[in-house]
Each structure stands twice: as C-alpha cells, then as structure tokens.
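Scroll down for the structure; my scribbles are underneath it.
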Amino acid sequence: MRKLLTITTILTLCLAGCSTIPPQLVAPDLANVTPKQAANGASHGERVRWGGKILKVTPNAHDTCFEVLSRALDANARPKRRGHSDGRFIACRDGFYDPELYQRHRDLTVVGRISGTEKHKVGGYDYSYARVQADQVYLWPERRRRPAEYYHPYYYDPFWGPYWWGSGWWAPPVIVVPPRSGHPHHGH
C-alpha cells in the first residue's frame, strides 16, 4: 500500500509539473470569449485571460495600454508561437510599464474584464478593438533560439521526422560514440 501511495504521489507531482500557470494568471470564472467576439461589443464585463504578441505599448498619465495580436494560449497560459489569431485587442493596466522592457513581439498574457471597444486605424482601415481593463499583465521570458546544428537532418528520426523535434516536444537524441580501442590506423 505504501508503495502504491508513493507511486501515486510521484505521478501527481510529475503531471502537475507539466503544466504550470503563473500564479498571477490563475483566475476563476473566465469567459470563453475571443477578442474578435468581444470586438462586437456584446461581452462587456466578462472576465477573460487573453494573450499574444505585443504590437505597441502606450504609457499614459495613469495607465499603460498594450496593443496585442492575439494568439491561443497553451496549457501554461502562454501565447502559442504560431497558429490562428482571433484579432487584436487593447489591454490597459494602471501604472507605468516601460516600452523598453515590454518590447514589440514579446509574449504577453493579461487577465481582466472586457471594458468595451475602441476604433483605431490599422493602415487605412478602421479596426474595432476589444478593450480589457487588466488586473494582471504578465510578460513572458524571451524564448531561447535553438542552435542551427539542432536542425541538422541526421538528428531526426526517420519515423517521427523534424515535425516532432522541431516543435519542441522532444529534444534531439543524444548520440554517444564509444572511444575506439587501440591505436588509429595509418595508411601505407
């Protein structure tokens, strides 16, 4: 029985470690509303957790507003690197957030309430943004780039291929070459 309890505890800890949402982003009663849906104005007051890539940061007298290109969130509430976007949104939070730290193309996740919509120009187009009054603004650490040799074709398993390792699901295999015994042969 003790062994079973130990195994269960270890498995629970392992699974909990696979998906960890930063404490600032944990929020109950989140609405399943996308920025595109909220831009229509029908979701005022709903509590949401949205994220994406920062497009622009505007510090104002009392708050800072972030223009964000939305991305679906992964299990950790971090914006996914690629994929579908449900449009742009604006998230504003009280206080000053330095645009030099919250730079363009960085990953950002916010938690807050939809407080209406705003219209701004994107090029020559009048774009309707959903606006979120954010309780939390979370700037994710920059993603590390893999070295070029990581993508070398010999690293890939012919069955799984580059799709699996290239997406970050698994690391490339470690290849251990045993040292040669004896002396190296020299040509005559």
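The values are calculated or read from the model by the stated rules, or taken from the named source; none is laboratory data. For clarity, every value in this text was computed on a predicted model and none was experimentally measured. Ideal geometry is used to build each Cβ from the backbone, glycine not excepted, and the neighbour counts take in all protein chains shown.
Do we find that GLU100 is in contact with a strand residue (DSSP E or B) (Cβ under 7 Å, 6 or more places away or on another chain) and among the charged types (D, E, K, R) in this structure?
no
So which pairs qualify, if the first residue must be in region 101-122 and modelled with pLDDT under 95, the second must be aromatic (Phe, Trp, Tyr) and buried (at least 17 other Cβ atoms within 10 Å of the Cβ), the Cβ gap must be under 6 Å, and the two must be at least 6 apart or on different chains?
Close Cβ pairs satisfying both conditions: GLU118/TYR129.
Report, by residue number, each residue of region 84-100 that is modelled with pLDDT of 95 or more, assigned to a loop (DSSP other than H, G, I, E, B) and crowded, with 17+ Cβ neighbours inside 10 Å.
Start the filter on region 84-100 by keeping residues that are modelled with pLDDT of 95 or more, which leaves 88-100.
Next, from what is left, pick out any that are assigned to a loop (DSSP other than H, G, I, E, B): 95-100.
If the condition is that a residue be modelled with pLDDT of 95 or more, assigned to a loop (DSSP other than H, G, I, E, B) and crowded, with 17+ Cβ neighbours inside 10 Å, then TYR97 is the only one that fits.
Among (1) in a strand (DSSP E or B); (2) surrounded by fewer than 12 Cβ atoms within 10 Å (Cβ to Cβ), where does ALA61 come up short?
(1)
Within region 11-19, is even one residue at pLDDT below 95, of a type in the set (Ser, Thr, Tyr), more than 14 Å from GLN133 (Cα to Cα) and not in a loop (DSSP other than H, G, I, E, B)?
Yes, because at least one residue in region 11-19 is at pLDDT below 95, of a type in the set (Ser, Thr, Tyr), more than 14 Å from GLN133 (Cα to Cα) and not in a loop (DSSP other than H, G, I, E, B).
When you look at ARG81, is it among the charged types (D, E, K, R), under 12 Å from the mean Cα position of the chain (by Cα) and assigned to a loop (DSSP other than H, G, I, E, B), yes or no?
Against the criterion (among the charged types (D, E, K, R), under 12 Å from the mean Cα position of the chain (by Cα) and assigned to a loop (DSSP other than H, G, I, E, B)), ARG81 qualifies.
TYR154: modelled with pLDDT under 95, outside any loop (DSSP other than H, G, I, E, B) and within 20 Å of VAL48 (Cβ to Cβ), yes or no? Please lay out each step first, then the result.
Working: modelled with pLDDT under 95: yes; outside any loop (DSSP other than H, G, I, E, B): yes; within 20 Å of VAL48 (Cβ to Cβ): no.
In short, no.
Enumerate the pairs (first residue in region 58-77 and farther than 17 Å from GLN136 by Cβ; second residue anywhere and among the polar types (S, T, N, Q)) with beta-carbon separation below 7 Å, excluding pairs fewer than 6 apart on the same chain, so at least 6 apart or on different chains.
THR58/THR64; LEU69/SER85; ARG71/SER85; ALA75/SER19
What are the residues in region 41-57 that are in a loop (DSSP other than H, G, I, E, B) and touching a residue at least 40 places away in the same chain (Cβ under 8 Å), if any?
Listed by number, the residues that qualify are GLY41, SER43, HIS44, GLY45, GLU46.
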